[in-house]
Every structure is written in structure tokens, then in C-alpha cells.
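Notes for the one structure printed next.
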Amino acid sequence: MVFEQRRPGAVLFDRDGTLIRDVPYNGDPARVRPMPGALEALSRLRRADLPVAVVTNQSGVAKGLITADEMEQVNARVEELLGPFDAWAICVHDDGDGCTCRKPAPGLLIRAAAVLDVSPRECVMVGDIGRDMEAARAAGARGILVPTVETRREEIEHAPEVADDLTDVAERLLREADAAPAPVAAGGSAWSRALGWSRW
Ligand SMILES: [Mg+2]
Ligand SMILES: [Zn+2]
């Protein structure tokens, strides 16, 4: 699928292995470590008035490995280190629960987009594994894979788009946003969509 270069409606980030180091089933806020370039990349997107959100699978809750409260403490620490996010969409289920939100299902992306009042098709999903890219595809969003050493080769090969790191992601999106038609002034987004601006 070819995406036109245009200003994203929102940038949705996976949490573990993308915004912060992946510590499996971490319930300890003291163990939260940002990925390289994460704060700077987020700051640049925020300065450009691009909404940023987190969409994260947290099956440790369903597995009983962490409590919902521990998960919330970790998320609070993420915001202490990386700044506030415009939305959080979290799946606390596990494979086999049959939910519609656990990535690779598109539910989290659809939920975050709804909270941000944008179409999932205007969103960019940034993640470190194939599940993130599958969820993006299922939601009609643009997917950008930022591989880590844990990312499997076939996930990289099948990714719609691959970036070196979060700095690369931010630079790519901001360069494209600059090249895209200027968005109308604040408050005009509904008008823009009504006129099909996002289809240009
Ligand atoms: Mg991840
Ligand atoms: Zn779920």
C-alpha cells in the first residue's frame, strides 16, 4: 500500500522495545529505561503539534504476573521520563482471550484514534515487532518498524517501512509534514476532513 506524504493525524507508539527497553512483564517503575532518542523524538513531534499516543499489549496482567496497579505505576514512570501522551490504549488480555484489542488486532489503534478524534487511516504506528505492523495494516494505518536485536529477520523483511531508530522516525515524519499541504488553523481539522483534505 502506498501512503501519500502528508501530515499524520497522530503518531501511535508501542511501549516495550519501542519507547522503553523491553523488560518482559515489568511491574517495577525503577526499571523503566527509555530507548535511545525517544525523548528527543517525542519532543520534536509535540513541538510540531502532532498528537502522540501509546498502544501497548500488557498480557502480564492477564497472566497474573503483574497487577493493573503495577502496570499503571510503570506507565506513570514512562510519562515522567518521556513526557505526557495524548492517549494511552492498553490491552490487558492474552492470546486466546479472544479480545479485539491485543495486537495484531487493530482495536487499540482504533481506540487511540477515536480518543484523539482522528481516523486510524491518518495514524502512523511505530513498533518493534511484526504484531505492531499487522495491527497497523488491519487498522488501515501506516506502519513503521524500528527493529531491535529481538526483532526477527522475517518481521523486518515483511515490514511496510523500516526506520533505524526513533530519531529517524521523527525526522521522516516531520520532513513529510513540512512537504505536505499546510494544515488549516487550530479547530479546522473537522472542516478539513469534511472537504477530503486528508485524501490529497
Ligand atoms: Mg514491543
Ligand atoms: Zn485486549
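Below are the figures for this structure:
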read-out	value
Residue satisfying condition, being at pLDDT 95 or above, out of contact with any Ser or Thr (no Cβ under 8 Å at 6 or more places or on another chain) and not hydrophobic (A, V, I, L, M, F, W, C), within set Glu40, Glu4, Glu72	Glu72
Flag if Ala113 is part of a helix (DSSP H, G or I) and under 22 Å from Leu145 (Cα atoms)	yes
Residue identified as touching a helix residue (DSSP H, G or I) at 6+ places or on another chain (Cβ under 9 Å), away from ligand 2 (no atom under 15 Å from the Cβ) and either closer than 14 Å to Val126 by Cβ or open to solvent by 30 Å² or more (accessible area, probe 1.4 Å) (or both) among Gly64, Gly37	Gly37
Residue check for Ala112: of a type in the set (Gly, Ala, Ser) and either farther than 17 Å from Gly9 by Cα or within 13 Å of ligand 1 (Cβ to nearest atom) (or both)	no
Residues satisfying the stated conditions in region 83-129, i.e. open to solvent by 70 Å² or more (accessible area, probe 1.4 Å), in contact with a Ser or Thr (Cβ under 8 Å, 6 or more places away or on another chain) and in contact (Cβ under 8 Å) with a residue 40 or more places away in the chain	Asp117, Arg121
Members of region 11-68 that are assigned to a loop (DSSP other than H, G, I, E, B) and more than 18 Å from Asp128 (Cα to Cα)	Gly27, Asp28, Ala48, Asp49, Leu50, Pro51, Lys63, Gly64, Leu65, Ile66, Thr67
Qualifying residue in region 42-52 (condition: within 13 Å of ligand 1 (Cβ to nearest atom) and open to solvent by less than 50 Å² (accessible area, probe 1.4 Å))	no
Test set (1) without any contact (Cβ under 8 Å) to a residue 60 or more places away in the chain; (2) in a loop (DSSP other than H, G, I, E, B); (3) surrounded by fewer than 17 Cβ atoms within 10 Å (Cβ to Cβ) - Glu80 fails condition number	(2)
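The values are calculated or read from the model by the stated rules, or taken from the named source; none is laboratory data. Values in this document were obtained by computation on a predicted structure and should not be read as measured data. FYI the Cβ positions are ideal-geometry reconstructions off the backbone, even for glycines, and counts take in every protein chain you see. Protein only, heavy atoms only, side chains kept; ligands, DNA and RNA dropped before computing areas. Shrake-Rupley method; radii C 1.70, N 1.55, O 1.52, S 1.80 Å.
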